[in-house]
Amino acid sequence: MPVPRKVIIIGSGPAGFTAAIYAARANLSPLMFIGSQWGGQLMLTTLVENYPGFVDGIDGPPLMEVFRKQAERFDTEIVGEDVTAVDFRTRPFRITAGDVTYEALSVIIATGASSKLLGLPSEKALMGRGVSTCATCDGFFFKDKNIMVVGGGDSAMEEALYLARLGRKVEVVHRRDALRASKIMQERAFKNPKIEFLWNSAVEDVLDVAKGMVTGVRLRNLQSDEVTARPVDGLFVAIGHLPNTQLFRGQIELLPNDYVKVAPGATRTSVPGVFAAGDVQDYTYRQAVTAAGTGSMAALEAERYLEAHP
Ligand code: NAP
């Protein structure tokens, strides 16, 4: 087996690449698993206008190209494979991708989270073209438009309240007749004159794939089974997120909601030498810039850990 790496980074969103840039500049020669589908959630968005440093905004995929080039400039070794197993019970830690097992003295987990989706082919086809999973990212494009939000939890209320500041009208579609959201968020949404609720309803199809833009949805009333077409300009799916932590189950402590548990205000996990950055440990902010911030924290913490455990 080759010599153990000082740092192995798993994941390739803003957290992973920022960790790589910091670790590489600290002479830790990071090895980074970017996965077969690299780049994280920003690869699914169009214009990003809230990432500092880009006056006119930048599309998600070219932004991730910039992150990647910067990490490569400092000699981050990039492996385009998916990690299939980890073993954090042995020292050095073991990380396996396919048939090859690597060893590392420290590991930074930056595998992110995935938005839950409705699973409709039209939703996939129109993602970034009127379908979105992030109001703070894409809401601006729907100024004075009719917007629909799917979901009945705090995320859906938060998205609806945010979008109500921009759009003409926001319709919240929920599959039951009672919200799951906290009382305070419910009250805020109910009080907002721009927000309307469509209860016991499910989006069955997003229109219009042929036009390459959202023009409406087909909505099924789950009680009467009646299907109606409703015109909307944008559809925000806010039915929750799933942290990408399946690989780490049983290896590090996870929270009851499956996110990685880290020390308050830090990126240390329950296993000394293993750090977690970005959305995999953040169910509150979930922003590219906060992910990048915790990526730098993880690299700095890994550097200190390696100094203390040479
Ligand atoms: P959540 O609480 O799990 O709510 C998901 C919502 O989406 C539920 O209403 C659920 O319906 C609905 N849903 C799930 N799958 C669906 C599907 N396939 N089709 C249609 N609807 C579907 O998730 P969340 O809202 O993202 O919140 C996650 C956690 O973060 C919660 O603990 C929440 O309190 C917290 N959070 C807090 C804030 C805040 O306080 N500002 C903001 C965001 C999130 P059912 O109700 O029928 O299950």
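The table below lists the values:
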quantity	calculated
Full-stretch length increase - L255, N27 - with 0.36 nm per residue and alpha-carbon distance subtracted	78.8 nm
Where labels lie 7 Å past Cα in the beta-carbon direction, separation of A85 and S36 in nm	1.8 nm
Listed residue pairs exceeding 30 Å between alpha carbons, taken from K69/K169; K124/K183; K124/K145; K6/K116	K69/K169; K124/K183; K6/K116
Residue of G112, G265, G60 that the Gaussian network model of the chain assigns the largest fluctuation, springs spanning Cα pairs under 10 Å	G265
Positive minus negative residues near A266 (Lys, Arg vs Asp, Glu; Cβ under 13 Å)	+1
Surface share of carbon and sulfur [accessible, 1.4 angstrom probe, percent] for the chain	51 percent
Efficiency of FRET between T101 and N192 - r from beta-carbon atoms, R0 41 angstrom, step 0.05	0.15
³J(HN,Hα) computed for each position of the stretch 78-92 - Karplus, 6.51 cos²θ - 1.76 cosθ + 1.60, integer Hz, glycine/proline x	9, 10, x, 10, 8, 6, 9, 7, 10, 10, 9, 8, 9, 10, x
Counting all C-alpha pairs of the chain, share separated by more than 36 Å (%)	25 percent
Estimated [θ] at 222 nm from DSSP helical runs (n ≥ 4, -39500 (n - 2.57)) normalised by residues in the chain, nearest 500	-7500 deg cm²/dmol
Summed residue charge, Cβ within 15 Å of P92's Cβ, Lys/Arg positive, Asp/Glu negative	+3
D (Stokes-Einstein, µm²/s), Kirkwood Cα radius, the stretch 16-175, 1.002 mPa s at 20 °C	118 µm²/s
For the stretch 117-237, size of Cβ-based charge dipole, Lys and Arg +1, Asp and Glu -1, in debye	260 debye
At most 16 other Cβ within 10 Å, DSSP loop - GluC sites (Glu not before Pro), the stretch 122-227	E226
Loop trypsin sites (Lys or Arg not before Pro), the stretch 1-105, which have at most 14 other Cβ atoms in a 10 Å radius of their Cβ (DSSP)	R89
Gain on full stretching of the segment that runs from T284 to T215 - 0.36 nm per residue minus C-alpha separation	21.7 nm
DSSP bridge orientation in the chain - percent antiparallel, rounded to nearest 5	45 percent
Helix axis angle, 154-164 relative to the chain longest principal axis, alpha carbon, degrees	60 degrees
Residue of D279, D99, D177 that the Gaussian network model of the chain assigns the largest fluctuation, springs spanning Cα pairs under 10 Å	D99
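The values are calculated or read from the model by the stated rules, or taken from the named source; none is laboratory data. None of these values were measured; they are calculated from a predicted model. Note that we place each Cβ from the backbone using ideal geometry, even for glycine, and neighbour counts take in every protein chain shown. Surface areas here come from the heavy atoms of the whole protein model, side chains and all, with no ligands, DNA or RNA. Shrake-Rupley method; radii C 1.70, N 1.55, O 1.52, S 1.80 Å.
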